[in-house]
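Read the structure below first, then the notes.
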Amino acid sequence: MARHCTECGFVNSEGANYCQKCGAYLGAEAGDEPTTSTYRIGETGETDAIEVEPGIDGPGAALVIRSGGGRAGESFRVEDDRIAIGRSPDAGIFLDDVTVSRNHALLVRRKDGLYVDDLGSLNGTYVNRSRIESRKLDDGDEIQVGKYKLSFLER
């Protein structure tokens with residue numbers, strides 16, 4: 001069944017999660033179930049299914065890769081006052097792809113919260129699909145750095 005975009009009205013193909021015209025999130029369809037399972041090896045050598053709650057353990061903040069580079073689900077705790085994001089191996093959040101500048105962006109803790117600052121990257125830094133130079137982050141914001149999409153989660 002085709003899915004209509006609530007933002008622009010475009011008729012998208014069945015199974016699409018984002019609008020093919022404007023990129024808006026189409027929402028989950030009724031009956032959509034997560035398709036990834038997580039297992040651990042038990043004491044007997046059997047695999048045991050475990051429930052993994054998305055997000056972060058305990059208080060604090062984290063960035064979770066939602067798509068890009070085959071690293072979906074990987075998370076980075078935000079504990080320092082400054083964390084570099086980029087293609088440089090020295091970056092706190094190392095994203096190895098040509099769409100990411102070596103020194104792409106910086107997470108900075110300021111008096112009123114956590115900000116993401118673009119460092120003059122070629123492809124730009126986006127928060128909730130808007131190109132930014134500096135932006136305060138709120139729980140659930142989507143950050144795009146090159147082909148990577150990350151979610152900011154805060155407890």
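The values are calculated or read from the model by the stated rules, or taken from the named source; none is laboratory data. Note that the structure is predicted; figures quoted are calculated from it, not measured. For neighbour counting, all protein chains shown are included, and Cβ atoms are generated from backbone atoms with ideal geometry for every residue, glycine included. Side chains are part of the model used for accessible areas, which takes the heavy atoms of the whole protein and leaves out ligands, DNA and RNA. Shrake-Rupley method; radii C 1.70, N 1.55, O 1.52, S 1.80 Å.
Descriptive notes on the structure:
- All positions within the stretch 131-155 that are open to solvent by 50 Å² or more (accessible area, probe 1.4 Å) and among the hydroxyl-bearing types (Ser, Thr, Tyr): SER134
- ASN128 vs. criteria out of contact with any Lys or Arg (no Cβ under 7 Å at 6 or more places or on another chain), open to solvent by 60 Å² or more (accessible area, probe 1.4 Å), at positive phi and of a type outside the set (A, V, I, L, M): yes
- Hits in the stretch 77-88 (condition: among the basic types (Lys, Arg) and open to solvent by 90 Å² or more (accessible area, probe 1.4 Å)): ARG77, ARG82
- GLU74 falls short on exactly one of the conditions (1) open to solvent by 60 Å² or more (accessible area, probe 1.4 Å); (2) touching a Phe, Trp or Tyr at 6+ places or on another chain (Cβ under 8 Å); (3) at pLDDT below 95, and that condition is (2).
- Within the stretch 107-125, if we keep just the residues that are more than 15 Å from ALA84 (Cβ to Cβ) and assigned to a strand (DSSP E or B), the residue that is least open to solvent (accessible area, probe 1.4 Å) turns out to be GLY113.
- Looking across ALA91, ALA16, one residue alone is at pLDDT below 80 and either of a type outside the set (Val, Ile, Thr) or surrounded by fewer than 13 Cβ atoms within 10 Å (Cβ to Cβ) (or both). It is ALA16.
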